[in-house]
Amino acid sequence: MHSALAARMRLARAACGMRGVHATAAPLAGRNKARFKDQAIAKRKENTEWYEDEEAVNDDDSSMAEWEFDNHHTYGHLLLESIRDVRKYARQIKYELPTLAEHARPFQPPPAQNVLRFERSVTMGEKFQAQDRKVVLRVKVAQLGLAAPELHKLVLLAGPRYNPETDELKMSEKRELTSLLNKKRLADMFTALLAEAKKADDGFADVPLDFSHHKRKPDLAFPSAWLPKLNKSSA
């Protein structure tokens, strides 16, 4: 609408000059404004009638059967649904769980060379939870078999991820969409970290280790004077 009006104004300028533009543009703008207003009023009236018809249909409960106190209310149906769920799992425990015994295998601890431990959480009954994609990597630095210069460089590169009290390196990742991809990303980062620590070009031997990030928690013993005293007769 605005582009057509501008084109007509340009034609009027070429034919009549600037004085003719002012004489022609005002009636054009007035007619277009009035037509737009009439269209808006008609559209608003049409939408209002449609919404009123929909509300009338939705509010019409004449087709529903009359309540004769012969059925449960909403909360009663929810209670019955929960009871059905419990019975379903009870049947699975009784009839399906024993069949899994043939697939049972004895537990075998991981070999000594598997020093990496990956941890993740699983929300039972829910899928694609944000907290379930996070993966944590833990490893004891002493089990990596590194020499003293390599160990010094690894601890420097790890920074606050190293716990000097437990001699444990902890890394976490949650940027990927699945826990499997986060585990792969953690494994790649640890491999790159270990390869960088084993490089012999610069061991950073002149850089001291800084463990100020680790705050040791005091191991306070419970005062024995606060314990209740038992009577010998009652004992």
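The values are calculated or read from the model by the stated rules, or taken from the named source; none is laboratory data. Here the structure is a predicted model, which means the values were calculated and not measured. Cβ coordinates were reconstructed from backbone atoms using ideal geometry, including for glycine residues, and neighbour counts include every protein chain displayed. Each accessible area value is taken on the protein alone, full model and side chains, heavy atoms only, with ligands, DNA and RNA left out. Shrake-Rupley method; radii C 1.70, N 1.55, O 1.52, S 1.80 Å.
Considering the stretch 136-163 alone, what residues qualify as being farther than 22 Å from His214 by Cα and either under 32 Å from the mean Cα position of the chain (by Cα) or of a type in the set (Lys, Arg) (or both)? Once the filter is applied, which keeps residues that are farther than 22 Å from His214 by Cα and either under 32 Å from the mean Cα position of the chain (by Cα) or of a type in the set (Lys, Arg) (or both), the stretch 136-163 yields nothing. Test Pro208 against the stated conditions and say whether it is part of a loop (DSSP other than H, G, I, E, B) and either at pLDDT below 90 or open to solvent by 40 Å² or more (accessible area, probe 1.4 Å) (or both). The answer is yes for Pro208. Scan the stretch 77-85 and give yes if some residue there is at pLDDT below 75 and among the small types (Gly, Ala, Ser), otherwise no. No, the conditions are met nowhere in the stretch 77-85.
Go through the residues of the stretch 163-175 one by one and say whether even a single one is part of a helix (DSSP H, G or I) and either touching a residue at least 24 places away in the same chain (Cβ under 8 Å) or acidic (Asp, Glu) (or both). Talk me through it step by step, then tell me what you get.
Applying the first criterion (part of a helix (DSSP H, G or I)) to the stretch 163-175 yields none.
Checking the stretch 163-175: not a single residue is part of a helix (DSSP H, G or I) and either touching a residue at least 24 places away in the same chain (Cβ under 8 Å) or acidic (Asp, Glu) (or both).
Being within 30 Å of Lys127 (Cα to Cα), open to solvent by less than 70 Å² (accessible area, probe 1.4 Å) and of a type in the set (Ser, Thr, Tyr) holds for only one residue in Thr178, Thr166, and it is Thr178. Among the residues of the stretch 216-225, is any of a type in the set (Ser, Thr, Tyr), out of contact with any strand residue (DSSP E or B) (no Cβ under 7 Å at 6 or more places or on another chain) and assigned to a loop (DSSP other than H, G, I, E, B)? No, the conditions are met nowhere in the stretch 216-225.
Taking the stretch 66-118 as the range and being assigned to a loop (DSSP other than H, G, I, E, B) and over 30 Å from Val136 (Cα atoms) as the test, the residues that pass are Glu66, Trp67, Glu68, Phe69, Asp70, Asn71, His72, His73.
What number of residues in the stretch 84-136 are of a type in the set (D, E, K, R) and farther than 22 Å from Lys183 by Cβ? Break it down stepwise before answering.
As a first pass, look at the stretch 84-136 and keep what is of a type in the set (D, E, K, R): 84-85, 87-88, 91, 94, 96, 102, 105, 117, 119-120, 126-127, 132-134.
Adding the requirement that they be farther than 22 Å from Lys183 by Cβ leaves 84-85, 87-88, 91, 94, 96, 102, 105.
Within the stretch 84-136, residues that are of a type in the set (D, E, K, R) and farther than 22 Å from Lys183 by Cβ number 9.
Among the residues of the stretch 187-198, are any within 28 Å of Gln131 (Cα to Cα), among the small types (Gly, Ala, Ser) and either open to solvent by less than 80 Å² (accessible area, probe 1.4 Å) or touching a strand residue (DSSP E or B) at 6+ places or on another chain (Cβ under 7 Å) (or both)? Scanning the stretch 187-198, I find at least one residue that is within 28 Å of Gln131 (Cα to Cα), among the small types (Gly, Ala, Ser) and either open to solvent by less than 80 Å² (accessible area, probe 1.4 Å) or touching a strand residue (DSSP E or B) at 6+ places or on another chain (Cβ under 7 Å) (or both), so the answer is yes.
When restricted to residues that are assigned to a loop (DSSP other than H, G, I, E, B) and surrounded by 13 or more Cβ atoms within 10 Å (Cβ to Cβ), the stretch 128-147 contains 2. Taken together, the criteria exclude Arg105 from residues that are modelled with pLDDT of 95 or more, open to solvent by 90 Å² or more (accessible area, probe 1.4 Å), over 30 Å from Leu151 (Cβ atoms) and not aromatic (Phe, Trp, Tyr). In the set (1) under 30 Å from Thr123 (Cβ atoms); (2) open to solvent by 100 Å² or more (accessible area, probe 1.4 Å), Pro228 fails one condition alone, (1). Would you check if Phe190 is over 32 Å from the mean Cα position of the chain (by Cα) and either aromatic (Phe, Trp, Tyr) or not in a helix (DSSP H, G or I) (or both)? Answer is no for this residue.
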